[in-house]
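J.: Could you have a look at this structure, given as structure tokens, before my questions?
The values are calculated or read from the model by the stated rules, or taken from the named source; none is laboratory data. None of these values were measured; they are calculated from a predicted model. Every residue, glycine as well, gets a Cβ built from its backbone with ideal geometry; the counts of neighbours run over all protein chains shown.
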Amino acid sequence: MSAALGAYELVPASVTPLIRASLGVSPSAAGLLVSVMFGTAVVASLPVGVLLDRTNSRWAVAAAVGLFVVVGVWGWVAASAGTYRPLLASRALGGLAYVVVWNAGIDIVGRSFDADRQATAVATFTASGPVGFAVGQGLGPAVADAFGWPAVFPAFTLVALVGLALFWPTSRGKGRASDTPVPTPAELRAVVTDRRVWTVGVLGFLGYSLYLFVNSWSPSYLTEELGLALGVSGALTALFPAVGMVARVTGGVLSDRLFGGRRRPVILIAFLVSAPIIAGFTALRTVPVVVGALLVTGFAVQLCLGLVFAYVRELVDPTVAATAVAFLTSVGLAGAFAAPVAAGALIGAVGYGTTFAVAGALGGLGVGLAWYAPES
């Protein structure tokens, strides 16, 4: 389910030139079709987390998948008619489906494993994100060639339905923590005022900013600056999220095994490696070197993107764990929302080189914050 939603989430980035040519929109408006889903998550994630702490997550997930099917068809109809605003609205509503499945999935998986394996389990689940991103980047141009670019929006809804069919029987009895009481309003407020939770949230913000920036604008950079075909650019950029299938699990394993349950060292390594490569990305002019940079950067950034969700759960009482995850999702995905739009505006003003350098500087901020972050 999560992988299908991830593919839907990023797939407009793989056909950005077609969207701009067909709808006649600016780079930032095209970027908004990706980032609006994260904008919805920023607003809706915390209320969703509070709801998940007070209800049965399985039923919430089923409703979210049903909504996903509706918005996929709506997006296809709107795009086929050449209407930008209804298409944008469908994407915004799709963000609500995404954040329910994401938060509920992390909460259910986190509660299903003991503490010594929890980071590995949660990080493995979050690998569904890069799987979906890679599928969206890689298959988006192929779907567009075969059925027209509007078809990229409903293309992954059937996969989510298959996921729901597999999830429903295997998650029976896991919809809510049976051994914890319903959290009080005071306990919920304590989550959003905890300095440690905010620290991890900002780390998530910086990590997701880098992740979505590279995912959203690398295809256009490779096409416009290096002269590659759109399909080739999408396939190469798909390597960036695809390596997360290994990186996110590796981040959890390193933290649980090599560092004895400490989370901070892995996050520090992630920013130390990724920041300088992103800053100098546009200086790389040969395709093999660019591919290597995408692989290394994608691996480094995603070492921490699954780990932070296990990290934040350990900072709070189990009764409000879903709320803490939702808070991190909200703050972290604020970066994912802002990055494609801000980068589009910056690229239009100063070009790709300066924009990638600014992104690298954000990674440098992540190094400093990770150095002083608390352990759970």
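J.: Given the criterion within 27 Å of residue 347 (Cβ to Cβ), aliphatic (A, V, I, L, M) and in a helix (DSSP H, G or I), identify the matching residue among 67, 32.
T.: Being within 27 Å of residue 347 (Cβ to Cβ), aliphatic (A, V, I, L, M) and in a helix (DSSP H, G or I) holds for just one of 67, 32, which is 32.
J.: Identify, by number, the condition in (1) of a type outside the set (D, E, K, R); (2) crowded, with 24+ Cβ neighbours inside 10 Å; (3) modelled with pLDDT of 90 or more; (4) within 22 Å of residue 71 (Cβ to Cβ) that residue 154 doesn't meet.
T.: Unmet for residue 154, out of (1) of a type outside the set (D, E, K, R); (2) crowded, with 24+ Cβ neighbours inside 10 Å; (3) modelled with pLDDT of 90 or more; (4) within 22 Å of residue 71 (Cβ to Cβ): (2).
J.: If you scan segment 115-127, which residues turn out to be part of a helix (DSSP H, G or I) and either surrounded by fewer than 24 Cβ atoms within 10 Å (Cβ to Cβ) or of a type outside the set (Ser, Thr, Tyr) (or both)?
T.: 115, 116, 117, 118, 119, 120, 121, 122, 123, 124, 125
J.: Is there a residue in segment 82-93 that is assigned to a helix (DSSP H, G or I) and β-branched (Val, Ile, Thr)?
T.: No.
J.: Taking the condition among the charged types (D, E, K, R) and either outside any helix (DSSP H, G or I) or buried (at least 17 other Cβ atoms within 10 Å of the Cβ) (or both), does residue 20 pass?
T.: Criteria not met by residue 20.
J.: Another question, then. Starting from segment 35-48, keep only residues that are under 13 Å from residue 327 (Cβ atoms), then list their pairs with residues that are among the polar types (S, T, N, Q) whose Cβ atoms are within a distance under 7 Å, requiring at least 6 positions of separation or different chains.
T.: Correct list of pairs: 41/329; 41/330; 42/330; 45/103; 45/329; 45/330; 46/330; 48/103.
J.: Pick from segment 342-369 the residues that are buried (at least 22 other Cβ atoms within 10 Å of the Cβ) and within 20 Å of the chain's Cα centre (by Cα): which of them is modelled with the lowest pLDDT?
T.: Here the residue is 344.
J.: Looking at (1) farther than 16 Å from residue 218 by Cα; (2) surrounded by fewer than 22 Cβ atoms within 10 Å (Cβ to Cβ); (3) of a type in the set (Val, Ile, Thr), which is the only condition residue 266 fails?
T.: Every listed condition holds for residue 266 apart from (2).
J.: Just to be sure I understand, how many residues within segment 190-205 are in a helix (DSSP H, G or I), without any contact (Cβ under 8 Å) to a residue 24 or more places away in the chain and of a type outside the set (D, E, K, R)?
T.: Final tally of qualifying residues: 0.
J.: Does segment 221-263 hold any residues that are in a loop (DSSP other than H, G, I, E, B) and surrounded by fewer than 21 Cβ atoms within 10 Å (Cβ to Cβ), and which are they?
T.: 225, 226, 227, 228, 229, 259, 260, 261, 262
J.: Follow-up question, since we're still on this one. Can you tell me which of (1) buried (at least 23 other Cβ atoms within 10 Å of the Cβ); (2) closer than 30 Å to residue 347 by Cα; (3) not hydrophobic (A, V, I, L, M, F, W, C) is the one residue 82 doesn't meet?
T.: (1)
J.: With the checklist (1) without any contact (Cβ under 8 Å) to a residue 40 or more places away in the chain; (2) more than 16 Å from residue 207 (Cβ to Cβ) in hand, flag the one item residue 368 doesn't pass.
T.: All conditions pass for residue 368, except number (2).
J.: Identify the residue in segment 270-318 that is among the β-branched types (Val, Ile, Thr) and not in a helix (DSSP H, G or I) and, among all such residues, is farthest from residue 223 (Cα to Cα).
T.: Checking each candidate, the answer is 316.
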